[in-house]
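Some notes on the structure that comes next.
The values are calculated or read from the model by the stated rules, or taken from the named source; none is laboratory data. Everything numeric in this text was worked out from a predicted model, so none of it was measured. Here the Cβ is made from the backbone with ideal geometry for all residues, glycine too, and neighbour counts use every protein chain on show.
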Amino acid sequence: MNRKPTPASEARDLRALLATVVDALTLPYDLDDYDQRLLRRAGLVRVLVSEALKENPDSLGWNVDYLRTKLTAEQAEQAERGEGR
C-alpha cells in the first residue's frame, strides 16, 4: 500500500537523493581506475536524477536505495580485490 508523499517525506527523500549523489561522485583521486569508476557512477546518477525529475515522487526512495546498493556492491568488489574504496 503506497501512501501519498507529504512535503516532509518528499524533502527527506530529496535530501537522501542529494546525499547519495554526492557519495556516488566522491572517490579518492589516486585510484588507478578513477576515471572508469566515476564514469560508471555518473551514468547511474544521471538515470537516478532523471527519474527524480519525473512527476512520480513515489519511486524516489526506491531509486535512492538502488543507487546505494550499486555503490555498496562496487565498494565491496573493490575491497575484495584489495583496491580500497
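Among residues of the range 46-72 that are more than 18 Å from LYS4 (Cβ to Cβ), those with a beta-carbon under 6 Å from a residue that is of a type in the set (Val, Ile, Thr) at least six positions away or on a different chain give the pairs VAL64/THR20; LEU67/THR20; ARG68/THR20.
Kindly indicate the residue of the range 20-32 that is of a type in the set (Ser, Thr, Tyr) and part of a loop (DSSP other than H, G, I, E, B) and also surrounded by the fewest Cβ atoms within 10 Å (Cβ to Cβ) among those meeting that condition. Checking each candidate, the answer is TYR29.
Restricting attention to the range 4-17, does a residue exist that is surrounded by 11 or more Cβ atoms within 10 Å (Cβ to Cβ), part of a loop (DSSP other than H, G, I, E, B), of a type outside the set (Val, Ile, Thr) and modelled with pLDDT under 85? Within the range 4-17, one or more residues are surrounded by 11 or more Cβ atoms within 10 Å (Cβ to Cβ), part of a loop (DSSP other than H, G, I, E, B), of a type outside the set (Val, Ile, Thr) and modelled with pLDDT under 85.
Just one of (1) touching a Leu at 6+ places or on another chain (Cβ under 7 Å); (2) assigned to a helix (DSSP H, G or I) fails for ASP35. It is (1).
Restricting the range 51-72 to residues that are of a type in the set (D, E, K, R) and farther than 20 Å from ARG41 by Cβ, the residue that is surrounded by the fewest Cβ atoms within 10 Å (Cβ to Cβ) is GLU55.
When residues in the range 38-85 are screened for being among the aromatic types (Phe, Trp, Tyr) and under 10 Å from THR20 (Cβ atoms), 1 of them pass.
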